[in-house]
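Right, one structure below, let's go through it.
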Amino acid sequence: MVEVVIPGEILVEIMRTEKDVAFTEVGLFRGPYPSGAPAICADAIARLGGSVGMIGVVGDDDFGRVVVDRLRNDGVNVSHIRVAEGYTTGTAFVMYRRDGSRKFIFHLRHAAAGQLSPEDINEDYVASARWLHLMGSAISVSESSMEACYRALEIAAENGLRISLDPNLRPELLGVERIREILRPVLDEAYLVLPSGEEVKMITDASSPEDACRELINRGVKIVALKRGEKGSRVYTEEEVIDVPSIRVEEVDPTGAGDTYDGAFIYGLLKGWDIRDVALFANVAGALSVTKFGPMEGCPFRGDVEKRLKEVRSQAPL
C-alpha cells in the first residue's frame, strides 16, 4: 500500500542536443530518457522519501524497461504498471528554443501510454492511499485514459483521499476548450491545484492568473500553488496569499521542473508542514530539477533539498 497514487502516461523523451534546431532539420538527439509528467512526479516523491505508486502502461520493449526500472530503483511502487502486448512504449521528441519554449512530437494515444483504462484502476489500491494526484495530460491523452482517471477520482472521492490536479495542458494532444471540459470533474473535487499562469487562465477563462486563482478558491479548492518560473511561486488559500521567492540555479534543462514541484508540494503537505515551508521546499526541489539534462535526471533527493534550503534561509530568512 502507498500514500500517493498517480495514474497516467509513461514514456521516454528523445531530446535535441542544440537549441533552435527544427524537427524538419537533420540534427542530433539525446535519449531515451524516462519521462511522462505523472511518472516524473512519482519519481520526485519517491526520491524525497515519500510512498508513491504509479499506475500506467508500457510496451514490452526496451523503452518500457528503461522507465519502469528507473521508477522501481528510485522507490516507486510499480506493481500496477501494465505491459501491453502489441504496443510500443510512448515517446516524445523535444526541441528547445532559445527563448525557453519547447516543441513536442508525441506518440502516445496509439502507443501503450494511451491504453490506460478503468480496468487498470484497482479499487483497493487507490482506496487505501491518502492522496490521488491527476494531470491534464493523463486525462487528455486518450478516451480510455480519461475514463481511468475518472475512475480513480471516483474511488478517491468516495474514500476521503485528498485530490490534487496539475492541469498540465498539452494543446498538441487536445484543444483547450475540450481540456477545460474534461478537467471540470477533477476541479470539483480538488483540494490542491498546481497550475502555471497560462494554464490557470485557460481552465477558468479569467483575465489574469490572480483572478483565476481566486476563482478556483471561490469554487472550493483549498490551495492553489501558482508556478511562476523565474519569479518563484504564489500560493493562494482562503486566508492568505503567499509569495515564495525563486531559487537561483544554473538551468540545464527545464523539462520536469513543474512535475517535481508538484511532487515536493504534495510530499510536504503529507508531512503536515506549515504551508510556507511546503511552498519553499517545493520551490527548491523544482529549481534543483533543472540543473541536469533529462526529465527525471534532476529530481532531487531530500538531503539535496534540505542542504539548499539551509543555504536559502541563511541568506534571506523568511
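Convex hull over the Cα atoms of region 156-228, averaged projected area in nm²?
For the Cα atoms of region 156-228, the hull's average projected area reads 4.7 nm².
Can you tell me which lysines have their Cα less than 23 Å from the Cα of Lys271? Leave out same-chain residues fewer than eight positions away.
Lys222, Lys227, Lys307, Lys310
Going by average Cβ neighbours within 10 Å, how do the peptides 187-193, 149-155, 18-24 rank, with the highest at the top?
Working: 187-193: 19.7, 149-155: 21.9, 18-24: 11.1.
Put in order of decreasing packing, that is 149-155, 187-193, 18-24.
Quick one: dipole size for the chain, taken about the Cα centre, charges +1 on Lys/Arg Cβ and -1 on Asp/Glu Cβ, in debye to the nearest 20. Could you put the intermediate results ahead of the total?
Working: 37 positive and 50 negative charges, 174 e Å.
For this selection, approximately 840 debye.
For the chain, what is the mean residue ellipticity at 222 nm derived from helices alone (per DSSP H run of n ≥ 4: -39500 (n - 2.57); sum divided by total residues; nearest 500 deg cm²/dmol)? Before the final figure, lay out the partial values.
Numbers: 11 runs with 125 residues, N = 318.
It comes out at -12000 deg cm²/dmol, rounded to the nearest 500.
Under a 10 Å cutoff between Cα atoms, tell me which one of Gly303, Gly286, Gly86 has the largest fluctuation in the Gaussian network model of the chain.
Gly86
Of Val176, Val58, Val76, which is the most mobile in a GNM of the chain whose springs link Cα atoms less than 10 angstrom apart?
The residue that fluctuates most here is Val176.
Give me a comma-separated list of calculated 3J(HN,Hα) values for region 231-244, in order, Karplus coefficients 6.51, -1.76, 1.60 applied at θ = phi - 60°, integers in Hz, x for any Gly or Pro.
Values, residue by residue: 8, x, 9, 9, 10, 10, 9, 4, 8, 7, 10, 10, 8, 10 Hz.
Taking neighbour counts of Cβ atoms within 10 Å as a proxy for exposure, in what order, fewest first, do His80, His133 appear?
Numbers: His80 17, His133 31.
Ordered by Cβ neighbours within 10 Å, fewest first: His80, His133.
Could you tell me the ratio Rg/Rh of the chain? Both radii from Cα atoms, Rh via Kirkwood.
Details: Rg = 18.1 Å, Rh = 19.3 Å.
That ratio equals 0.94.
For region 27-90, what is the Kirkwood estimate of the hydrodynamic radius, computed as the reciprocal of the mean inverse distance between distinct Cα atoms, to one decimal in Å? Can you show the working numbers first?
Working: mean 1/r = 0.0828 Å⁻¹.
Averaging 1/r across every pair of different Cα atoms and inverting gives 12.1 Å.
Considering only Ala285, Ala148, Ala84, give the residue with the highest GNM mean-square fluctuation for the chain, with springs between Cα atoms whenever their separation is below 10 Å.
Sorting by GNM fluctuation, first place goes to Ala84.
Could you tell me the center-to-center distance, by alpha carbons, between region 155-214 and region 235-250 in angstrom?
19 Å
None of the figures in this text is laboratory data; all of them are computed from the coordinates on show. Since the model is a prediction, treat every value here as computed from it, not as a measurement. With ideal geometry, Cβ positions are generated from the backbone for all residues, glycine too; neighbour counts draw on all protein chains shown.
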